[in-house]
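Report on the following structure.
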Ligand code: FES
Ligand code: FES
């Protein structure tokens, strides 16, 4: 099986069976819209003692944006907030075609092909942008 076929399957799996979908009570909530297409995501973040305790999302969007959101929630749950944001930086570098340590990226690596389609970079980074915003919201503890 070609690597790209494997990646395609990982993306479709996250799109069809999104992880951590739904909404939380008592969480910071961020709504974000991709201005280029109008797709929206709601991200909810619970932080305890500087660690991502829970994270959920809801939204409507293309397969790349929804799969990316699903992968992001899986990747950051249980991480220190600062490490979650650092992972977001690595992900953005990868999406822009730069070499990054693939071990830390896990499933997220499946989206590396997006770097060949600059118009889709926003789709892939929408959830991470929402995470950044939620993490910098004042009432996160
Ligand atoms: Fe959304 Fe192809 S149309 S990823
Ligand atoms: Fe709208 Fe991808 S086309 S988020």
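The values are calculated or read from the model by the stated rules, or taken from the named source; none is laboratory data. Computed from a predicted structure; not experimentally measured. Cβ: placed from backbone, ideal geometry, glycine included. Neighbour counts: every protein chain shown.
If you go through segment 39-49 and pick out every residue that is more than 12 Å from residue 81 (Cα to Cα), in contact with a helix residue (DSSP H, G or I) (Cβ under 7 Å, 6 or more places away or on another chain) and more than 16 Å from ligand 1 (Cβ to nearest atom), you end up with 1.
In summary, residue 56 fulfils each of the numbered conditions (1) without any contact (Cβ under 8 Å) to a residue 40 or more places away in the chain; (2) within 16 Å of ligand 2 (Cβ to nearest atom); (3) closer than 20 Å to residue 22 by Cα with the single exception of condition (2). All told, residue 80 falls short of being within 16 Å of ligand 2 (Cβ to nearest atom), out of contact with any helix residue (DSSP H, G or I) (no Cβ under 7 Å at 6 or more places or on another chain) and without any contact (Cβ under 8 Å) to a residue 40 or more places away in the chain. Checking 79, 126, 87, 131 one by one, the residue that is out of contact with any strand residue (DSSP E or B) (no Cβ under 9 Å at 6 or more places or on another chain) and at pLDDT 95 or above is 87 and no other. Look at segment 11-40: where a residue is touching a residue at least 60 places away in the same chain (Cβ under 8 Å) and a partner is assigned to a loop (DSSP other than H, G, I, E, B) and within 16 Å of ligand 1 (Cβ to nearest atom), sitting 6+ places away or on another chain with Cβ atoms under 8 Å, you get 34/61; 37/61; 37/62; 39/61; 39/62.
Please state which one of 95, 64 is within 14 Å of the chain's Cα centre (by Cα), under 17 Å from residue 118 (Cβ atoms) and touching a residue at least 40 places away in the same chain (Cβ under 8 Å).
Among 95, 64, only 64 is within 14 Å of the chain's Cα centre (by Cα), under 17 Å from residue 118 (Cβ atoms) and touching a residue at least 40 places away in the same chain (Cβ under 8 Å).
When 3, 23, 32 are screened for being more than 12 Å from the chain's Cα centre (by Cα), under 11 Å from residue 127 (Cβ atoms) and either more than 14 Å from ligand 1 (Cβ to nearest atom) or at pLDDT 95 or above (or both), only 32 passes.
Taking the criterion of being under 11 Å from the mean Cα position of the chain (by Cα) and within 16 Å of ligand 2 (Cβ to nearest atom), the only residue of segment 98-121 that qualifies is 111. Mind counting the residues in segment 1-49 that are closer than 18 Å to residue 70 by Cβ and in a loop (DSSP other than H, G, I, E, B)? Residues flagged as closer than 18 Å to residue 70 by Cβ and in a loop (DSSP other than H, G, I, E, B) within segment 1-49 amount to 10. Where helices (runs of 4 or more DSSP H) fall entirely within segment 50-141, those with at least 3 residues that are within 16 Å of ligand 1 (Cβ to nearest atom) are at 63-76, 121-135.
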